[in-house]
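Since the structure comes first, as structure tokens, the remarks are kept for the end.
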Amino acid sequence: MTMEGGEGVGKTTQMRMLERRIKAAGFEVFITREPGDTLLGTEIRRMVSEVKDESPCPEAELLLYLADRAEHVRKVIRPALKKGKLVLCDRFADSSEVYQGRARGLGAEKVRELNKWVCGDVWPDLTLFLDMDPGEGLTRASQRQGWLGLDRLEQEGVTFHQAVRKGFVEQAAADASRIKIVPAQGKAEEVAERIWTLVKPVLQKWKNSEA
Ligand code: TMP
């Protein structure tokens, strides 16, 4: 299961709230995120986040995220799945298809092909796209961290973030049975309730298939 969305939409808060609810429903849940959560991933997170005089070209940027994912799938996600855990990942393959494939213009299909090579059989059953107006999201992110505290991608102009949002909406339309759009405005508890309505039937399905 994965959670996706633009900047400042409240993914981290929702991940924690969902983790609690899934545990309370009797499932063993394992939380992770991209980029990060491996030694190489931590290095890559720093490389893609830091604001420097020169940014990587889109192709190099994509390959960094894919390198992180290859490592993450093999060293973290697959082992957790093998132990029977439900894996909840903060960003995954859809982020590359949307940020690099759609918003940076490398092509979502081309990125999907590379994602499939990198991920193999590890693919989310359900993806929650937390949707919010990018202006509002960026305001929330900069209120939390201050403008200078924002990372390289957060500091991209609002036009880029609008392209990201449009990209996620297109991504969801192209794979409507897996990717669900969750309106992310309003109180955290209200958003959590919207998420739970979508997650509950999936958990029930898993329970039934295990029985
Ligand atoms: P986050 O930890 O705040 O979600 O930040 C991760 C940033 O990396 C965010 O701006 C989205 C970006 N990103 C991509 O552009 N492509 C990817 O494949 C992933 C995983 C993240």
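Looking only at segment 51-61, filter to residues that are exposed (fewer than 14 other Cβ atoms within 10 Å of the Cβ) and at pLDDT below 95; which one of those is nearest to the ligand (Cβ to nearest atom)? Quick ask: steps written out before the conclusion?
Initially, segment 51-61 is screened for residues exposed (fewer than 14 other Cβ atoms within 10 Å of the Cβ), giving 51-54, 57, 59-60.
Next, only the ones that are at pLDDT below 95 stay: 51-54.
Values: VAL51: 12, LYS52: 15, ASP53: 19, GLU54: 17 Å.
Checked segment 51-61; the qualifying residue nearest to the ligand (Cβ to nearest atom) is VAL51.
A quick yes/no check of all residues on (1) in contact with a helix residue (DSSP H, G or I) (Cβ under 9 Å, 6 or more places away or on another chain); (2) surrounded by 13 or more Cβ atoms within 10 Å (Cβ to Cβ):
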residue	(1), (2)
GLY157	no, no
VAL164	yes, yes
VAL169	no, yes
ILE179	yes, yes
ALA184	yes, yes
LYS187	no, no
VAL202	no, yes
LEU148 being open to solvent by less than 60 Å² (accessible area, probe 1.4 Å), farther than 12 Å from GLU7 by Cβ and aliphatic (A, V, I, L, M): no
So LEU198, is it in a helix (DSSP H, G or I), surrounded by 13 or more Cβ atoms within 10 Å (Cβ to Cβ) and touching a residue at least 12 places away in the same chain (Cβ under 8 Å): yes
Total residues in segment 91-122, condition open to solvent by 20 Å² or more (accessible area, probe 1.4 Å) and near the ligand (Cβ under 9 Å from one of its atoms): 3
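Across segment 182-195, what is the total count of residues that are of a type in the set (Gly, Ala, Ser) and in a helix (DSSP H, G or I)?
Summing the residues that are of a type in the set (Gly, Ala, Ser) and in a helix (DSSP H, G or I) in segment 182-195 gives 2.
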All positions within segment 82-96 that are part of a helix (DSSP H, G or I) and under 18 Å from the mean Cα position of the chain (by Cα): ALA93, ASP94, SER95, SER96
Segment 54-81, residues that are in a helix (DSSP H, G or I), more than 24 Å from ALA172 (Cα to Cα) and not aliphatic (A, V, I, L, M): GLU71, ARG74, LYS75, ARG78, PRO79
Conditions (1) within 14 Å of VAL9 (Cβ to Cβ); (2) in contact with a Gly (Cβ under 6 Å, 6 or more places away or on another chain); (3) more than 9 Å from the ligand (Cβ to nearest atom); number of the one not met by GLY135: (2)
Qualifying residues in segment 38-50 (those that are in contact (Cβ under 8 Å) with a residue 60 or more places away in the chain and near the ligand (Cβ under 10 Å from one of its atoms)) - the one most open to solvent (accessible area, probe 1.4 Å): SER49
Selection within segment 62-78 - crowded, with 18+ Cβ neighbours inside 10 Å, more than 16 Å from the chain's Cα centre (by Cα) and within 11 Å of the ligand (Cβ to nearest atom): none
Tally, over segment 79-90, of residues that are within 11 Å of the ligand (Cβ to nearest atom) and open to solvent by less than 10 Å² (accessible area, probe 1.4 Å): 1
Segment 17-37: number of residues that are open to solvent by 30 Å² or more (accessible area, probe 1.4 Å) and within 14 Å of the ligand (Cβ to nearest atom): 3
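The values are calculated or read from the model by the stated rules, or taken from the named source; none is laboratory data. Because the structure is predicted, anything quoted here is derived from the model rather than measured. Methodologically, a virtual Cβ is constructed for each residue, glycine included, from the backbone with ideal geometry; neighbour enumeration extends over all protein chains shown. The accessibility values were calculated without ligands, DNA or RNA, using every heavy atom of the protein model including side chains. Shrake-Rupley method; radii C 1.70, N 1.55, O 1.52, S 1.80 Å.
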